[in-house]
Each structure stands twice: as C-alpha cells, then as structure tokens.
Amino acid sequence: MRTIDNQPEDIFLGGWNLVLGAGLILAPWYFGFRSEDIAAWNAWITGATILALAALTLMRTREGEVYAIGAAGLWSCAAPWALGFQDAAAWAHVGFGVALLVSAGSWLWRLQDLPASQGSAQKSAQKSAWQTAPPAARATPRVSEDRSACRPGTRTPSPRS
C-alpha cells in the first residue's frame, strides 16, 4: 500500500475533503431536504465518513484512505437512485460525489507517481544519484586553458593579425 508524507498540495486536498464532508453534512439544511429522512441521514452519515477519512489524511496519506474517499464519493453519486430520493437532495449528493471523485482521483494520480510505501523513514534513507556516486564521478570537470598568454614576457596575439 502506498503512503506519502503530505506536501502542500496534499494538505490542500485533505482540507478540500474536509470542506466537502462538512458541506455534505450541512446540505440538508442549506438545500432544504431536512424533512426527507432517508436523504438527510445519508448526507449526514456520508459526510461524517468523509470528515473522518479526510482528517486521517492530513498528515500522511495512505492509498486505502483515498480509495475509501473515492468510494464514498461514488456512493454519494449513486445514492439518489439506490435510495430513491429526488430534486435538491439528489443534486446535492451528485454534486458532492463528483467533487469527491475528482479529489480522490487527483490524489491517486499523485500516489501512482511515487514508489510503493514511501514514508518519512524511507525518504531520508533514499539518496540521490549524486550522493551515491563514487567521488571520481562527482568531480567537477575541469576546463583546460591555454595559459601561455599569461606568462610574463610573452606577447598575446592580436585578434586582427
């Protein structure tokens, strides 16, 4: 399972997921479907799940947590048809679900660029090619110069001749 220590863009994604989870929790009041029990309860439970998962990903992101956020987004998109609610409740669930799927997809894209199980201990243990190269390979190439023109008593050729 892949793990990364978060960079600023990962912390942004974690914060964005916190906002999406809180928005889904508040959606029944804001979009006016508080009286629809199934839709409201689904929004609260899904939003609380996303909040918990997003809080876990703020310091270190694990692949399983990102897949769970994606699954919650997929469920949020499918819930209006699976549970049979409509109108504002359906649009709110689909909107938040799509935003969560985009967020999880961008996170998974970042995770795929990293080697497996890259954590802070392994990051510090890894060395760049420059650090592991033998000293002869690290030496800076020297430029050979013709210093005969710099010796006292020698004449420098003029560019016009």
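Taking every residue in segment 13-41 that is within 13 Å of Gly97 (Cα to Cα) and pairing it with any residue that is in a loop (DSSP other than H, G, I, E, B) and of a type outside the set (D, E, K, R), at least 6 positions away or on another chain, the pairs with Cβ-Cβ distances below 8 Å are Asn17/Thr57; Ala27/Phe33.
Pull up segment 70-83, narrow it to residues that are in contact with a Gly (Cβ under 9 Å, 6 or more places away or on another chain) and touching a residue at least 24 places away in the same chain (Cβ under 8 Å), then point me to the one that is surrounded by the fewest Cβ atoms within 10 Å (Cβ to Cβ). Out of the qualifying residues, it is Leu74.
Is at least one residue of segment 33-42 surrounded by 14 or more Cβ atoms within 10 Å (Cβ to Cβ), out of contact with any helix residue (DSSP H, G or I) (no Cβ under 8 Å at 6 or more places or on another chain) and not in a loop (DSSP other than H, G, I, E, B)? Scanning segment 33-42, I find no residue that is surrounded by 14 or more Cβ atoms within 10 Å (Cβ to Cβ), out of contact with any helix residue (DSSP H, G or I) (no Cβ under 8 Å at 6 or more places or on another chain) and not in a loop (DSSP other than H, G, I, E, B), so the answer is no.
Quick one: how many residues across segment 43-60 are of a type in the set (Val, Ile, Thr) and open to solvent by less than 40 Å² (accessible area, probe 1.4 Å)? Before the answer, list the steps.
Just the residues of segment 43-60 that are of a type in the set (Val, Ile, Thr), to begin with: 45-46, 49-50, 57.
Right, trim to open to solvent by less than 40 Å² (accessible area, probe 1.4 Å) and you get 46, 50, 57.
The qualifying residues number 3.
Beta carbons closer than 8 Å, at least 6 apart along the sequence or on distinct chains, pair a first residue in segment 101-119 that is farther than 20 Å from Gly47 by Cα and surrounded by 13 or more Cβ atoms within 10 Å (Cβ to Cβ) with a second that is modelled with pLDDT of 90 or more and not β-branched (Val, Ile, Thr) for Leu108/Tyr67; Leu108/Gly70. Can Val98 be described as free of Cβ contacts under 8 Å to residues at least 60 places away in the same chain, open to solvent by 60 Å² or more (accessible area, probe 1.4 Å), under 24 Å from Pro8 (Cα atoms) and assigned to a helix (DSSP H, G or I)? Judged against the criteria, Val98 is a match.
The values are calculated or read from the model by the stated rules, or taken from the named source; none is laboratory data. This structure is a prediction, so every number in the text was calculated from the model and none was measured. FYI the Cβ positions are ideal-geometry reconstructions off the backbone, even for glycines, and counts take in every protein chain you see. The protein model used for the area step is the full one, side chains on, heavy atoms only, and it has no ligands, DNA or RNA in it. Shrake-Rupley method; radii C 1.70, N 1.55, O 1.52, S 1.80 Å.
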